[in-house]
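**Student:** Supplied in structure tokens, the structure appears directly below.
Just so it is clear, none of the values below were taken in a lab; they were calculated from the coordinates. In this text, all values refer to a predicted model and were calculated from it rather than measured experimentally. So basically every Cβ, Gly included, is an ideal-geometry build from the backbone, and we count neighbours across all protein chains shown.
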Protein chains: 2
Amino acid sequence: MQTIDLAVAAKKASIELAALSTEKKNEALARIADALIEHTSEIIAANQKDLERSAEENLAAPLLKRLKFDEGKIKDVVAGIKSLILLPEPIGETLSATELDNGLELYKVSCPIGVIGVIFESRPDALVQISSLCLKSGNATLLKGGREALETNRALAKVIREASEACGVPTGWIQLLETRENVNEMLKLDKYIDLIIPRGSNSFVQYIMNNSNIAVMGHADGICHTYIDKDADVEMAVKVATDSKTQYVSVCNATETMLIHKDIAPDVLPKLAKSLEERNVEIHGCEKTQQIISCLPAESWKMEWLDYKVSIRVVDSLEDAIEHINTYSSRHTEAIITKNAQAAEKFMNLVDSADVFWNCSTRFADGFRYGLGAEVGISTNKIHARGPVGLEGLTIYKWKLKGNGQIVADYVSGKSSFTHKKIDKKFSI
Amino acid sequence: MQTIDLAVAAKKASIELAALSTEKKNEALARIADALIEHTSEIIAANQKDLERSAEENLAAPLLKRLKFDEGKIKDVVAGIKSLILLPEPIGETLSATELDNGLELYKVSCPIGVIGVIFESRPDALVQISSLCLKSGNATLLKGGREALETNRALAKVIREASEACGVPTGWIQLLETRENVNEMLKLDKYIDLIIPRGSNSFVQYIMNNSNIAVMGHADGICHTYIDKDADVEMAVKVATDSKTQYVSVCNATETMLIHKDIAPDVLPKLAKSLEERNVEIHGCEKTQQIISCLPAESWKMEWLDYKVSIRVVDSLEDAIEHINTYSSRHTEAIITKNAQAAEKFMNLVDSADVFWNCSTRFADGFRYGLGAEVGISTNKIHARGPVGLEGLTIYKWKLKGNGQIVADYVSGKSSFTHKKIDKKFSI
């Protein structure tokens, strides 16, 4: 099938899927969970092929580990689906209700976005998570996973498709794309696809944005900062900054640059350097940093290290820290460590990033940790959804207006007039 | 100044503007309202130049009328600003609050989008409305009005800039662009501009979308439908359909195509045709329509007439009407006329448009009529904001996380665990 045929089928399915009841969707999710367990051996066999081929192609060990999909991983994704079933229904919720006039009632009601194209890395659990989030939120989806996971993704998509369609989810709601060519074709299908969520490298996300008219939700970088204010508790600062940098270095919410207020730098920097060096972190400092501790020179404030490396800069003031962040940050996550509430307030108000933290690790910026259930990605967009994106980010709304024959001419002539009264009512027919 | 300098200045202003208090913003709006009255004669003199030049250039009479900005129009925009002052503060609202763990609290707090580029038609009141909506919602703005209104826009922007900056709104928050070249440059400035709202012709909006990486909120078409179901009240159907088509023909929420159920067509069509023809509406019907009434043949179902013309199609069923709409509509506004609640429910669930109406005119799809205060435009996007966009569509949110030294390592090791408890609390420091 051509990519356009897959997109047309998904669009068609999306219309009915938008009106599917909570019971039907949850039943389908439960059925998918069971089917994944029932088909464990097929899925593992498919994954084995991917692992063997990738090993032959000398895929790096950490990537091979991400690619591996065993019984334990299947149990994990099934547990994820089961907790998704328990989350509240995101669709059909009345977000506001207004009486425009007697007998003329306006409701803003949540609904699915429609058809969502998701491009994700070679981690088979991503396919299950994304497709189940889409189903729960009533969206049809075109999925393109990493090439390395081809066989596993085929097996998973087949199980999910058959299990869901067998209990009434409209045929065509889940479509698997397999080639880069498919992706390039998808980018042109703005008539059928409402949103693209690319997960992957910075350059890849930029490529998608540059080559499509479809709305793109994603993050292009994760240059996160931890700022240690002059009024920080030094012990807390060292502990939180170290966690922010080293708890998991290859992820987008790891701190890449630390900013230290000049008044506290002589005290905090040696302790921080010791803590970081114990964890084999290579420090790239500004000139002032180099005067206090021994380290390499910093050459750029735009480094997304994703490694045991960090940039450190000594700043003259809170304002300079905010200005540095608003200049060099990727608008993802930034933290301030301080005992001074006014400084924290200013930082959280003036830093223009999706997540702004006070006295805790940047690594908390994550859908699971936020209690969103699961995340489809992290957004550094400034519209629609920001930060970790869960079910709610996959919804939008419709305006539903119920009348009994009202016409606008009567309101223009003055025969009728608007009451515009907020009402506490859920939409119903 | 270069466009980039204007955008950099707006970006810089946007940071402080985001944290401006409600009192300051409302004071500035009140000051702007007063200043517009004080400078009435300057504004009218500037408008006079625009009117004279445009008359010499043979601008069409209805456009000259839209361009005219007299004392009455100034009073109208001032009244608009005064009602905007009374609207609730859209920024700093706690949208949700979750305790992640004892002493670790997550808040989702509304904030401005940042810098918004708005391109609008030659209607000077649009400049006042858009800039005051941006100010109330804490956004900096780059404004490009129609060429015909150049002198009026200069005068208005000067009054608004001086009045607002004199009472503490950060310098640079409002910037006026004057040429098409400025617009083309603006489209490249995704580093400084967060959202573009183009108002204007279909081809113009498409041009913007095709030539920028910046998010675009707008509508490309207004092909709205009114469907007369077999269970419609015929008198109501004729009245509402006539209003939908003729109350104001040149606007995007006017009905362009009417769909009539075959069972009711023989009864309703002659009455509808009579009502439309009394208002000089030219009917373009499908073959079945032509068998019942005398009319021109319909040649396309994608006509946005914006005129005293309408397309009419007889359909076999509610499902066919829904399918027609989901195929040919621009996803703006569609109405069903029926006494049958189940039919209405199905229509409102399955029609994939921003506004879905039951037994009332499509002309109600409007920010003022919806009680949103004012609108910055109408969106047929599927993300962020849909339908009439008021203050709320100019906001997004930040995640603010308050802790006391929490690190992620403790939650990964199992030493700490998440409570994820919804809390009924507003964010405060």
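**Student:** Suppose we keep just the alpha-carbon trace of the range A:1-55; what are its Rg and Dmax in angstrom?
**Tutor:** Cα radius of gyration and Dmax of the range A:1-55 are 16.4, 45 Å respectively.
**Student:** Could you run the Debye sum over the Cα atoms of the range B:94-156, one equal point scatterer each and no solvent, and tell me log10 of I(q)/I(0) at q = 0.19, 0.25 Å⁻¹, two decimals?
**Tutor:** Relative scattering, expressed as log10 I(q)/I(0), comes to -0.72, -0.99.
**Student:** Loop-only check: which GluC sites (Glu not before Pro) in the range A:30-96 are DSSP coil with at most 13 other Cβ within 10 angstrom?
**Tutor:** For GluC sites (Glu not before Pro) across the range A:30-96 that sit outside H, G, I, E and B with at most 13 neighbouring Cβ atoms in 10 Å, the list reads A:57.
**Student:** In vacuum, with every alpha carbon of chain B counted as one equal point scatterer, what does the Debye formula give for log10 I(q)/I(0) at q = 0.10 Å⁻¹? Two decimals, please.
**Tutor:** -0.81
**Student:** Still on this structure, please answer the following. Normalised by the residues of the range A:226-271, what does the relative contact order come to in percent, with Cα pairs under 8 Å and at least six apart?
**Tutor:** The value is 54 percent.
**Student:** Among A:55, A:6, A:205, whose Cα projects farthest towards the positive end of the dipole of chain A, with charges put on the beta-carbon of Lys, Arg (+1) and Asp, Glu (-1)?
**Tutor:** Of the candidates, A:6 comes out farthest on the positive side.
**Student:** Rounded to the nearest Å, what's the spacing between the alpha carbon centres of the range B:6-27 and the range A:347-386? Just the number, please.
**Tutor:** 23
**Student:** Can you tell me the convex hull volume per residue for the range A:50-164, based on C-alpha atoms, in Å³ to the nearest whole number?
**Tutor:** So the per-residue Cα hull volume is 122 Å³.
**Student:** Apply 1/(1 + (r/R0)^6) to the Cβ-Cβ distance of residue A:181 and residue A:306, taking R0 = 30 Å, and write down the FRET efficiency to the nearest 0.05.
**Tutor:** Efficiency, rounded to the nearest 0.05: 0.55.
**Student:** Between residue A:215 and residues 5 or more places away or on another chain, which pairs have amide H atoms under 5 Å apart, with H built 1.01 Å from N, and which residues are they?
**Tutor:** Those qualifying (amide H under 5 Å, at least 5 residues apart or on another chain) are A:196.
**Student:** Quote the convex hull volume per residue of the range B:374-415, based on C-alpha atoms, as a whole number of Å³.
**Tutor:** So the per-residue hull volume is 103 Å³.
**Student:** Right, next: Per residue of the range B:63-70, in order, report the coupling 6.51 cos²θ - 1.76 cosθ + 1.60 (Karplus, θ = phi - 60°) as ³J(HN,Hα) in whole Hz, putting x for Gly and Pro.
**Tutor:** 6, 4, 5, 5, 6, 5, 10, 10
**Student:** In debye to the nearest 20, how big a dipole does the protein assembly as shown give about its Cα centre with +1 on each Lys and Arg Cβ and -1 on each Asp and Glu Cβ?
**Tutor:** About 560 debye.
**Student:** Please list the non-local residues whose amide H lies under 5 Å from the amide H of residue A:379, H modeled 1.01 Å from N, same-chain partners needing a gap of 5 or more.
**Tutor:** So residue A:379 has HN proximity to A:387, A:389.
**Student:** Please compute, for the alpha-carbon atoms of the protein assembly as shown, the extent along each of the three principal axes and give them in descending order in Å.
**Tutor:** Computed over the protein assembly as shown, the largest-to-smallest principal extents equal 87, 72, 45 Å.
**Student:** Also, I was wondering about something else. Starting at the first residue of the range A:103-116, write each ³J(HN,Hα) from the Karplus equation 6.51 cos²θ - 1.76 cosθ + 1.60 with θ = phi - 60°, in whole Hz, x for Gly and Pro.
**Tutor:** x, 10, 10, 10, 10, 9, 10, 5, 8, x, 6, x, 10, 10
**Student:** For the range B:209-296, what's the radius of gyration and Dmax over Cα atoms, in angstrom?
**Tutor:** Rg, Dmax (Cα atoms, Å): 15.9, 51.
**Student:** Now, a different point. Could you tell me the extents of the range A:25-96's C-alpha atoms along the three principal axes, largest first, rounded to whole Å?
**Tutor:** If we take the Cα atoms of the range A:25-96, the spans are 56, 28, 15 Å.
**Student:** By per-residue mean of other Cβ atoms within 10 Å, what is the highest-first order of B:264-276, A:284-296?
**Tutor:** B:264-276, A:284-296
**Student:** Which value, in nm² and rounded to one decimal, describes the direction-averaged projected area of the C-alpha convex hull of the range A:305-355?
**Tutor:** It is 4.0 nm².
**Student:** Would you mind pulling out the separation of the Cα centroids of the range A:149-219 and the range B:269-284, in Å?
**Tutor:** Rounded to whole Å, the Cα centres lie 47 Å apart.
**Student:** Give me the distance between the Cα centres of the range B:395-418 and the range B:73-110, rounded to whole Å.
**Tutor:** Computed from Cα coordinates, the inter-centre distance equals 25 Å.
**Student:** So for the range B:126-240, Kirkwood radius off the Cα pairs, Stokes-Einstein at 25 °C and 0.890 mPa s: how many µm² s⁻¹?
**Tutor:** Result for D is 147 µm²/s.
**Student:** List the distances, in nm and shortest first, from the label point of residue B:266 to the matching label points in every other copy, placing each point 7 Å from Cα along the Cα-to-Cβ direction.
**Tutor:** Reported distances to equivalent positions: 10.0 nm.
**Student:** Using per-residue counts of other Cβ atoms within 10 Å, averaged over each peptide, order B:122-128, B:421-427, B:174-180 from highest down.
**Tutor:** So the order, starting with the most tightly packed, is B:122-128, B:174-180, B:421-427.
**Student:** Now for a separate question. What residues qualify as long-range amide H neighbours of residue A:101, i.e. H under 5 Å apart, gap of 5 or more or another chain, H built at 1.01 Å from N?
**Tutor:** A:419, A:420
**Student:** Using only the alpha-carbon atoms of the range A:184-246, report the extent along each of the three principal axes, biggest first, to the nearest angstrom.
**Tutor:** Between the extreme Cα coordinates on each principal axis of the range A:184-246 lie 55, 17, 14 Å.
**Student:** Out of all DSSP beta bridges in chain B, what portion is antiparallel? Express it as a percent rounded to 5.
**Tutor:** 35
**Student:** Can you tell me the orientation of helix A:40-56 relative to chain A, as the angle in degrees between its alpha-carbon axis and the longest Cα principal axis, to the nearest 10?
**Tutor:** 50
**Student:** Average projected area of the Cα convex hull of the range B:340-429, in nm²?
**Tutor:** 10.7
**Student:** Any chance you could get the radius of gyration and Dmax over the Cα atoms of the range B:245-317, in Å?
**Tutor:** 11.4, 31
**Student:** Mind checking the log10 I(q)/I(0) for the range A:280-326 at q = 0.30 Å⁻¹? Debye, one equal scatterer per Cα, no solvent, two decimals.
**Tutor:** Evaluating at q = 0.30 Å⁻¹ gives log10 I(q)/I(0) of -1.13.
**Student:** Percent of Cα-Cα pairs more than 25 Å apart in the range B:280-396, please.
**Tutor:** Tail of the P(r) past 25 Å holds 32 percent of the pairs.
**Student:** In whole Å and largest first, what semi-axes does the C-alpha gyration tensor of the range B:135-191 yield when each eigenvalue is scaled by 5 and square-rooted?
**Tutor:** 21, 16, 8
**Student:** With the Cα gyration tensor of the range A:171-319 in hand, convert its eigenvalues to equivalent ellipsoid semi-axes via √(5λ) and list them largest first in whole Å.
**Tutor:** Whole-Å semi-axes of the equivalent ellipsoid: 41, 14, 14.
**Student:** If contacts are Cα pairs under 8 angstrom and at least 6 residues apart, what is the relative contact order of chain A in percent?
**Tutor:** 19
**Student:** I've got another one for you. Can you compute 3J(HN,Hα) from phi for each residue in the range B:279-287, using the Karplus curve 6.51 cos²θ - 1.76 cosθ + 1.60 with θ = phi - 60°, rounded to whole Hz and x for Gly and Pro?
**Tutor:** 9, 6, 8, 8, 9, 10, x, 6, 4
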